[in-house]
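Working notes, beginning with the structure itself.
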Ligand SMILES: [Zn+2]
């Protein structure tokens, strides 16, 4: 299983101007689209090479893993697969904004992808601890690592407090790990600041 982004030392990492602040790589994948519900959503995964860079930044693969991935013949098809999975995952966390048929399709898509994972299994001879691992040698393995991250998120879902940002027009998802469980913003430096300055302006207007 990959490390959650919050466990990496240089958190939050930045990909194409986006801070990976979700607290889990699979949620950061969902957040590679900004303003999903708006007229012009911004998708930061425009090519297979973007996907490799994103996976590196999110800690899903290492630099050594990425060797030889960039000359994928089927890159566009693999990126398309990840986009479908990403939107399916978005559906799972926004069931109220989607119809039942679409939700059922999303479940099915993710179940199929996770069912197709092939792990290398190793039991540590010293500790007896089971380790499941996906070795990255081909572009398909990169996709498998991302699917594995989705599997990890959904396995832990009940123990995570997953929220949608309260920011205006922002639908980013994140894990609230604050003690008070009151995190409202994907990023206090962006959505949090915007909301604060909006509140300040409103108060000024009311006082005049
Ligand atoms: Zn936000």
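What follows draws every value from the coordinates through simple rules; no lab data is involved. All values reported here derive from a predicted model rather than from experimental measurement. With ideal geometry, Cβ positions are generated from the backbone for all residues, glycine too; neighbour counts draw on all protein chains shown.
Do the sum for the chain: with -39,500 (n - 2.57) for every DSSP H run of n ≥ 4, divided by all residues, what is the mean residue ellipticity at 222 nm, to the nearest 500 deg cm²/dmol? Don't skip to the end; give the middle numbers.
Working: 7 runs with 87 residues, N = 208.
Roughly -13000 deg cm²/dmol at 222 nm, from the helical runs in the chain.
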Of 26, 104, 55, which has the largest mean-square fluctuation in a 10 Å C-alpha GNM of the chain?
104
Once both labels are modelled 7 Å past Cα along the beta-carbon direction, what's the residue 177-residue 118 spacing in nm?
3.4
Taking Cα atoms only, helix 100-115 is inclined relative to the longest principal axis of the chain by an angle, in degrees rounded to 10, of 40
Connecting C-alpha atoms closer than 10 Å in a GNM of the chain, tell me which of 38, 113, 72 has the biggest fluctuation.
38
Could I have the simple spin-label model distance between residue 50 and residue 71, label points 7 Å from Cα toward Cβ, reported in nm to one decimal?
2.5
If I stretch the segment between residue 111 and residue 169 completely, what's the gain in nm (0.36 nm per residue apart, minus their alpha carbon distance), one decimal?
17.9 nm
Taking a ≥ b ≥ c as the square roots of the Cα gyration tensor eigenvalues, with a/c under 1.5 meaning rounded and otherwise prolate when a/b beats b/c, else oblate, which class fits region 13-87?
oblate
Using a 7 Å offset from the Cα along the Cα-to-Cβ direction at both residue 42 and residue 155, what is the distance between the two label points in nm, to one decimal?
3.5
Angle in degrees between helix 75-93 and the longest Cα principal axis of the chain, rounded to the nearest 10:
50
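Rg to Rh ratio, the chain, alpha-carbon atoms and Kirkwood radius? Don't skip to the end; give the middle numbers.
Values: Rg = 18.6 Å, Rh = 18.4 Å.
Rounded to two decimals, Rg/Rh equals 1.01.
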Can you tell me the orientation of helix 193-207 relative to the chain, as the angle in degrees between its alpha-carbon axis and the longest Cα principal axis, to the nearest 10?
10
Ranked by GNM mean-square fluctuation in the chain (Cα springs under 10 Å), the top entry among 192, 37, 75 is 37
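Ranked highest first by the average count of other Cβ atoms within 10 Å around their residues, in what order do 122-134, 166-178 fall? Each step should come with its number before you reach the end.
Details: 122-134: 10.2, 166-178: 17.4.
The densest-packed peptide leads the list: 166-178, 122-134.
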